[in-house]
Number of protein chains: 2
Amino acid sequence: MARVVIDVMLKPEILDPQGKAVERAAVRLGYADVRSVRQGKRFVVEIDGPADEQALASIRELAESLLANTVIEDFSVRVEDN
Amino acid sequence: MARVVIDVMLKPEILDPQGKAVERAAVRLGYADVRSVRQGKRFVVEIDGPADEQALASIRELAESLLANTVIEDFSVRVEDN
């Protein structure tokens with residue numbers, strides 16, 4: 001069994017109102033050092049078998065088709081050590 | 001300027017219907033190797049100045065008060081290399 005993490009973030013050029021709201025709240029609460037906040041999604045996928053090249057290709061396909069909207073979002077896939 | 005990533009996930013013992021829905025969809029789409037999916041949030045926070053111990057303590061406080069509901073969620077903070 002392997003654990004794969006997929007991070008999905010809005011592309012840098014896409015406005016992120018959720019992140020912006022957190023940013024404003026942080027500054028309002030006194031965290032003056034906060035310059036910007038972007039919010040995204042994180043998926044932890046456990047797969048049977050090893051995280052070999054084939055499994056990762058399959059996960060990338062899954063991310064593209066199901067987890068991320070690649071018109072407005074970027075994603076990255078990485079294997080997490082257990 | 002430094003970039004800090006805060007990952008927020010539901011605690012393992014808390015049911016995750018969103019992740020479960022993704023898991024079922026993945027299996028239905030033919031990704032038979034997928035054993036489980038958990039969905040969480042990811043915040044990328046840019047701060048002025050370096051990510052020193054003081055800045056990270058402040059970010060941890062921010063995460064606890066604003067980003068995570070620590071009754072049902074765990075979070076982790078890490079500095080991302082630019």
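The values are calculated or read from the model by the stated rules, or taken from the named source; none is laboratory data. The structure presented is a predicted model; accordingly, all values stated were derived computationally and were not measured. Backbone-built Cβ (ideal geometry, glycine too); neighbour counts: all protein chains shown.
List of remarks:
- Some residue of the stretch B:71-80 being out of contact with any helix residue (DSSP H, G or I) (no Cβ under 7 Å at 6 or more places or on another chain), more than 9 Å from chain A (Cβ to nearest Cβ), under 16 Å from A:Q39 (Cβ atoms) and acidic (D, E): yes
- Some residue of the stretch B:51-62 being surrounded by 13 or more Cβ atoms within 10 Å (Cβ to Cβ) and over 26 Å from A:P12 (Cβ atoms): yes
- Given (1) in contact (Cβ under 8 Å) with a residue 40 or more places away in the chain; (2) surrounded by 19 or more Cβ atoms within 10 Å (Cβ to Cβ); (3) within 8 Å of chain A (Cβ to nearest Cβ), number of the condition B:D48 does not satisfy: (2)
- Any chance A:D16 is at the interface with chain B (Cβ under 10 Å from one of its Cβ atoms), farther than 19 Å from B:L66 by Cβ and modelled with pLDDT of 95 or more: no
- Residue-level check: of (1) within 27 Å of B:P12 (Cβ to Cβ); (2) surrounded by 16 or more Cβ atoms within 10 Å (Cβ to Cβ), A:E23 misses just (1).
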